[in-house]
Amino acid sequence: REVDVIRHVKDMSDSEAAAAIAGDRVDVLVDVMGYTRGNRKRVLAHQPARIQVSFKGYMSTTGAPYLSLATDRTTTPPEYSHAYSEKFAMLPKLFFISGHKLNHPSAGEGRWPEFS
């Protein structure tokens, strides 16, 4: 199905972009940036869309409870859901070459890695 509108929000403030997205009645808003430079997480914090999903750009928890995480059982095992702020939107097949065990190897030992 075609999209109804393509809107360039680069030069809008976060509040303006969120208002435009809400005004366009976006059904599903997909974040593919994660915490990459130039991301617009603050737009997502306004929750302008009914469904907001983080996909591929950052395959660990974003700490953002207003997002779902599109993932699979290998990349993000359900038994680790307690370590994520997002709800999991499980995909039927493996789609990512990294995963929880690779990104957080010491988590399986009952502790999180030390960061300095």
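The values are calculated or read from the model by the stated rules, or taken from the named source; none is laboratory data. If you're wondering where the values come from, they're calculated on a predicted model, not measured in any experiment. Every residue, glycine among them, receives a Cβ derived from its backbone with ideal geometry; neighbour counts consider all protein chains shown. Side chains included, ligands, DNA and RNA excluded: accessible areas come from the protein's heavy atoms. Shrake-Rupley method; radii C 1.70, N 1.55, O 1.52, S 1.80 Å.
For Y58, indicate whether it is within 21 Å of P78 (Cα to Cα) and either modelled with pLDDT of 90 or more or not hydrophobic (A, V, I, L, M, F, W, C) (or both). So Y58 passes the test. Given the condition among the acidic types (D, E) and free of Cβ contacts under 8 Å to residues at least 12 places away in the same chain, answer yes or no: does some residue in region 2-9 qualify? Yes: one or more hits. Answer with yes or no whether S60 is touching a helix residue (DSSP H, G or I) at 6+ places or on another chain (Cβ under 6 Å), open to solvent by 10 Å² or more (accessible area, probe 1.4 Å) and in contact (Cβ under 8 Å) with a residue 24 or more places away in the chain. It is true that S60 is touching a helix residue (DSSP H, G or I) at 6+ places or on another chain (Cβ under 6 Å), open to solvent by 10 Å² or more (accessible area, probe 1.4 Å) and in contact (Cβ under 8 Å) with a residue 24 or more places away in the chain. Among the residues examined, E16 qualifies as assigned to a helix (DSSP H, G or I), acidic (D, E) and either open to solvent by 90 Å² or more (accessible area, probe 1.4 Å) or modelled with pLDDT under 90 (or both).
Here's the yes/no breakdown for (1) modelled with pLDDT of 85 or more; (2) under 18 Å from F55 (Cα atoms); (3) outside any helix (DSSP H, G or I):
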{"site": "E79", "(1), (2), (3)": "yes, no, no"}
{"site": "H82", "(1), (2), (3)": "yes, no, no"}
{"site": "S85", "(1), (2), (3)": "yes, yes, yes"}
{"site": "A89", "(1), (2), (3)": "yes, yes, yes"}
{"site": "K93", "(1), (2), (3)": "no, yes, yes"}
{"site": "S98", "(1), (2), (3)": "no, yes, yes"}
{"site": "A107", "(1), (2), (3)": "no, no, no"}
{"site": "W112", "(1), (2), (3)": "no, no, yes"}
{"site": "F115", "(1), (2), (3)": "no, no, yes"}
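Can you name the residue in region 19-30 that is closer than 25 Å to L69 by Cβ and loosely packed, with under 14 Cβ neighbours inside 10 Å and is also nearest to the chain's Cα centre (by Cα) among such residues? Top of the filtered list is V28. Among the residues of region 31-57, those that are surrounded by 14 or more Cβ atoms within 10 Å (Cβ to Cβ) and either touching a Lys or Arg at 6+ places or on another chain (Cβ under 9 Å) or assigned to a loop (DSSP other than H, G, I, E, B) (or both) comprise D31, M33, G34, N39, R40, H46, Q47, P48, A49, K56, G57.
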